[in-house]
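Worksheet: one structure, shown below.
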Amino acid sequence: METIPAFGLPFLNTLILVTSGLTLTYTQKVIIENAEHSRENAVKGFIATLGLAIMFLGVQCYEFVHAPFSINDSVYGSIFFLITGFHGIHVIIGTIFLFIMFLRFLDNHFYVENTLALDCAAWYWHFVDVV
């Protein structure tokens, strides 16, 4: 049975997800600092993070469709689709969570002393990123 090479699409997707964690951290930092042009920079950070999340999901969908095996082929196929599928579902949940935080940011719900909801979204995102 043919497997998916680790330094192909899986590595690319790892880089995409880690980069999204960095852009989210940048966004949090900009919101907390509340410096000049911070609103514009936070919007750019949110858009970059959400764009990377969607890119990750697109690459994962491509990987699922073009995998050289199926869930029924072997234990490898079953475990691959189970683990990456659950991870993808968590990324979808995190993306929705971050999109809601972006909408709340646009509606001025966050300020320097009140970013708990954004912090929780970021904790979840970093957890998904690490796992």
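Is it the case, given these coordinates, that I47 is exposed (fewer than 14 other Cβ atoms within 10 Å of the Cβ) and within 22 Å of W125 (Cα to Cα)?
Against the criterion (exposed (fewer than 14 other Cβ atoms within 10 Å of the Cβ) and within 22 Å of W125 (Cα to Cα)), I47 qualifies.
Those residues that are surrounded by 12 or more Cβ atoms within 10 Å (Cβ to Cβ) and free of Cβ contacts under 8 Å to residues at least 40 places away in the same chain, I need them from segment 97-131; list them, please.
F97, I100, R104, H109, A117, C120, A121, Y124
Among the small types (G, A, S), at negative phi and under 19 Å from the mean Cα position of the chain (by Cα), is that true of G77?
So G77 fails the test.
Residue pairs, Cβ under 9 Å, 6 or more apart or interchain, first in segment 62-75 and under 24 Å from L12 (Cβ atoms), second of a type in the set (S, T, Y). List them.
Here the result reads E63/T84; F64/T84; P68/T3; F69/T3; F69/Y76; I71/S78, each pair linking segment 62-75 to a residue that is of a type in the set (S, T, Y).
Could you list, in sequence order, the residues of segment 6-39 that are of a type in the set (A, V, I, L, M, F, W, C) and touching a residue at least 40 places away in the same chain (Cβ under 8 Å)?
L9, L12, I16, L17, V18, L24, I31, I32
Kindly evaluate G77 against the criterion of being crowded, with 16+ Cβ neighbours inside 10 Å and not charged (D, E, K, R).
Here the answer is yes, as G77 does meet what is asked.
I'd like the residue in segment 18-49 that is of a type in the set (A, V, I, L, M) and in contact with a Gly (Cβ under 8 Å, 6 or more places away or on another chain) and, out of all such residues, is nearest to H109 (Cα to Cα).
Among residues in segment 18-49 that are of a type in the set (A, V, I, L, M) and in contact with a Gly (Cβ under 8 Å, 6 or more places away or on another chain), the one nearest to H109 (Cα to Cα) is V30.
Do we have any residue at all in segment 87-95 that's in contact with a Leu (Cβ under 6 Å, 6 or more places away or on another chain), in a helix (DSSP H, G or I), farther than 19 Å from L9 by Cα and modelled with pLDDT of 95 or more?
Looking through segment 87-95, none of the residues is in contact with a Leu (Cβ under 6 Å, 6 or more places away or on another chain), in a helix (DSSP H, G or I), farther than 19 Å from L9 by Cα and modelled with pLDDT of 95 or more.
The values are calculated or read from the model by the stated rules, or taken from the named source; none is laboratory data. Source: prediction; values computed, not measured. A quick note on method: Cβ atoms are made from the backbone with ideal geometry, for glycine too, and the neighbour counts reach across all protein chains shown.
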